[in-house]
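Presented below is the structure to which this report refers.
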Amino acid sequence: MKNFEELGIDNNILKAVQELGFKNPMPVQEEVIPLLLSSDKTDIVALAQTGTGKTAAFGIPILQKTDCNSKDVQYLILSPTRELCLQIADDLIDLSKYKQVKIAAVFGGASIEHQIRTIKQGVHIISATPGRLLDLINRKVVNISKIKAVVLDEADEMLNMGFRDELEAILSTTPKEKSTYLFSATMPKEVVAIAEKFQKNPVEITIGRKNAGAENVNHLAYFVQARDRYLALKRIVDFNPDIYGIVFCRTRKETQEVADLLMKDGYNADALHGDLSQAQRDNVMNKFRIRHLKLLVATDVAARGLDVDHLTHVINYNLPDENEIYTHRSGRTGRAGKSGTSVVIANLKEKRKLQDIEKQIGKKFSITSIPVGEEVCEKQLFHLIDRMEKVEVDDTQIESYLPTIYKKLEWLDREELIKKFVSLEFNRFLDYYKNTGDINIQGDRKKDKRERNGNSEYTRFFINVGKMDDIKPVSIIGMINDFTGLRDIEVGEIEILKTFSFFEVDKSFTQNILDAFENKTRKDRKISVEVAESKSRSSGRSDSRNRRSRDERSDRGGGDDRRERKSGGGRSEKRYSDRSERSSGDRSERRSSDRRDKRSGGRPERGSDNRRNRRSDDRPERKTDKRRENWYEDRKPAKFENEGRKSDRKDKKDRKSRKSNSDNSFYSKKSRK
């Protein structure tokens, strides 16, 4: 491992680095700093987790290459949130302590007039959020003609937050000869598109595996019923007395509700979400950073860009919609070489999503049981004893009080003193946990499957849009929120297929969903939503085929319907495509007769001798009829599948009658064509 002196850093910056307590560069710094110092025309893509030292990796080179004699803006640093923007600016100010580099932070939610005055006084480096920087560029406040490089920090997060248009506008207006430094934790296709459009032969630097989770994070999963999530959260927190972490929720409403419940139950917690004012956000974050709060309950958007060290836990109260977001969440713990724990509170319907996340992060979840009350109390007791053993006693401060204390307690023997000591500290825990049960989901895999399918607290819906319509899980959740106007609907599993999808919501909102999606459109396409049956994996595949057949016949103009028929067997394929299989000689011989048939509607001419033969030839064999009947039976609508069947004899009789009727109507129509 190299030290900072070996990376080619100037003495004035090196002195500041040493005063900040940094001894050896982190892997991303060791790779990036020499590369950027050696060339002014290098584009890079650096993939590394949050908290791996990326700010110093790009900050030290651009500080060293900044021309302090010029008054022009030379470097732009773009980040997704106000917090990260300020953090970057503060870090650069610390690193440039002995170099006269002027740095400004510009972001939304603050006075733009003050920011304009600061920029007009002259700055070399601007750390900014995309929206506010683009506003200042459009106002001609920021002169971008001398920009040497643009840094995109947390690029995947910026694109997830919808800043693509702003990023493209900024990168398009800056000089073409500039360098672009792209830093990201993951590399989704949106980031790839930005790199391909605005970078030239970038050098890719990957610390760890691409799109993988942080190496020092242990991933735990607890399975409980959806209604027991909060109870599970409390037990996890109580079982980890030294916890200092973030609890991630899906919605602002849920975030505030969980934080309120925790505060009501005596925990040092608070909420961070988009409904807070900037002053409230700053107050919450300051309390969390100085550890006056043990738990920060936050949405993903509000927590983006937070730079808090030494977090012991990240708790996923709900799983995120996109797997990449889990990588960001879990990467907030286990930083700077320390270990951390990422906890998922899940229900059985989310097992498949956990498996997808395992593939994403390259690690397995440890499936763990929620501790029972006795285990929680024991853990808290031993934690108190450990604290007591480690307390340093200052005899000089308590010496004058000891005679009175001894006199007060002289009537207690050793055992009584210990009992009262334990009761004083643990009455709250003992009272709460004495009647609590086991909230873990019990049973083997088969039982879990039955519970998941037959005892579900969710309703499963079919919707006629899928991957071909550019649908993602977040798209369906967005439609649910927008169409219903509600933000407290708990969403279960979402399955995106090629031309349609399935999603689950809390059963109590079933009618809300049906009413809200009625007569709705998306990108000029009518949205159709209906209740689907909860099925096991095997029957689910059959249901998907039936659903796909109905959906594609109604919404895709029948093209896929013909392909379905084609796959039914050789005879059926020939019957539906015999026109295309005629030889060129047959076509020329029939051309004149075809014109006559066209005029007469395809009927044989009156008095024709071969009319009887033609009817006989056109009539299909009995075996083909049976194949067509099976084709129909296989594609009956799913809602009829579970209806009670009649007796075998009557069912056979009805089928014969139906076959006879359908044959007559089908072939009479064919003969009239």
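Among the helices (runs of 4 or more DSSP H) confined to the stretch 299-387, the ones with at least 2 residues that are within 23 Å of N440 (Cβ to Cβ) and at pLDDT 90 or above are located at 351-361. Being over 23 Å from I494 (Cβ atoms) and charged (D, E, K, R) is the filter here, so list the residues in the stretch 300-319 that pass it. Residues satisfying the conditions are D307, D309.
Any residue at all in the stretch 20-42 that is touching a Pro at 6+ places or on another chain (Cβ under 8 Å) and of a type outside the set (V, I, T)? Yes, some residue in the stretch 20-42 is touching a Pro at 6+ places or on another chain (Cβ under 8 Å) and of a type outside the set (V, I, T).
Could you list, in sequence order, the residues of the stretch 115-138 that are in contact with a Gly (Cβ under 9 Å, 6 or more places away or on another chain) and either free of Cβ contacts under 8 Å to residues at least 40 places away in the same chain or among the acidic types (D, E) (or both)? Selection gives G131, R132, D135. Check whether at least one residue in the stretch 267-285 is closer than 21 Å to V191 by Cβ and β-branched (V, I, T), and report yes or no. No: the stretch 267-285 contains no residue that is closer than 21 Å to V191 by Cβ and β-branched (V, I, T).
Just to be sure I understand, how many residues within the stretch 247-280 are more than 25 Å from L430 (Cβ to Cβ) and touching a His at 6+ places or on another chain (Cβ under 8 Å)? Count: 3. Does the stretch 156-163 include one or more residues that are at pLDDT below 90, of a type in the set (G, A, S) and outside the structural domain of M263 (by TED's automatic domain parsing)? Yes - at least one qualifying residue is present in the stretch 156-163. Of all residues in the stretch 138-145, none satisfies being crowded, with 20+ Cβ neighbours inside 10 Å, in contact with a helix residue (DSSP H, G or I) (Cβ under 7 Å, 6 or more places away or on another chain) and closer than 23 Å to H328 by Cα.
Residue pairs whose Cβ atoms lie under 8 Å apart, separated by 6 or more positions or on different chains, with the first residue in the stretch 139-157 and within 12 Å of I170 (Cβ to Cβ) and outside any helix (DSSP H, G or I) and the second basic (K, R) and modelled with pLDDT of 90 or more, are I147/K178; V150/K178.
Is it the case that some residue within the stretch 238-252 is in contact with a strand residue (DSSP E or B) (Cβ under 6 Å, 6 or more places away or on another chain), within 21 Å of K434 (Cβ to Cβ) and not acidic (D, E)? No: the stretch 238-252 contains no residue that is in contact with a strand residue (DSSP E or B) (Cβ under 6 Å, 6 or more places away or on another chain), within 21 Å of K434 (Cβ to Cβ) and not acidic (D, E).
When V106 is tested against the conditions (1) free of Cβ contacts under 8 Å to residues at least 24 places away in the same chain; (2) among the β-branched types (V, I, T); (3) crowded, with 23+ Cβ neighbours inside 10 Å, the lone failure is (1).
Could you tell me whether the stretch 218-232 includes any residue that is modelled with pLDDT under 90, β-branched (V, I, T) and surrounded by 14 or more Cβ atoms within 10 Å (Cβ to Cβ)? Checked against the condition, which is being modelled with pLDDT under 90, β-branched (V, I, T) and surrounded by 14 or more Cβ atoms within 10 Å (Cβ to Cβ), the stretch 218-232 yields no hits at all. Taking the stretch 238-273 as the range and being under 24 Å from the mean Cα position of the chain (by Cα) and hydrophobic (A, V, I, L, M, F, W, C) as the test, the residues that pass are I246, V247, F248, C249, V258, A259, A271, L272.
When we screen L133, L182 for residues that are part of a helix (DSSP H, G or I), crowded, with 20+ Cβ neighbours inside 10 Å, in the same structural domain as A57 (by TED's automatic domain parsing) and touching a strand residue (DSSP E or B) at 6+ places or on another chain (Cβ under 7 Å), the only hit is L133. Scan the stretch 262-298 for residues that are outside any loop (DSSP other than H, G, I, E, B) and not aromatic (F, W, Y) and the total you get is 22.
None of I370, I361 is within 16 Å of I315 (Cα to Cα) and touching a helix residue (DSSP H, G or I) at 6+ places or on another chain (Cβ under 7 Å) except I370.
Of the residues making up the stretch 67-101, those that are assigned to a loop (DSSP other than H, G, I, E, B) and closer than 17 Å to L306 by Cβ are S79, P80, T81. In the set I496, I480, only one residue is under 25 Å from K253 (Cα atoms) and β-branched (V, I, T); that residue is I480. A residue that is touching a Cys at 6+ places or on another chain (Cβ under 9 Å) and surrounded by fewer than 24 Cβ atoms within 10 Å (Cβ to Cβ) cannot be found anywhere in the stretch 60-70.
The values are calculated or read from the model by the stated rules, or taken from the named source; none is laboratory data. The structure presented is a predicted model; accordingly, all values stated were derived computationally and were not measured. Cβ atoms come from the backbone with ideal geometry, glycine included; neighbour counts cover every protein chain shown.
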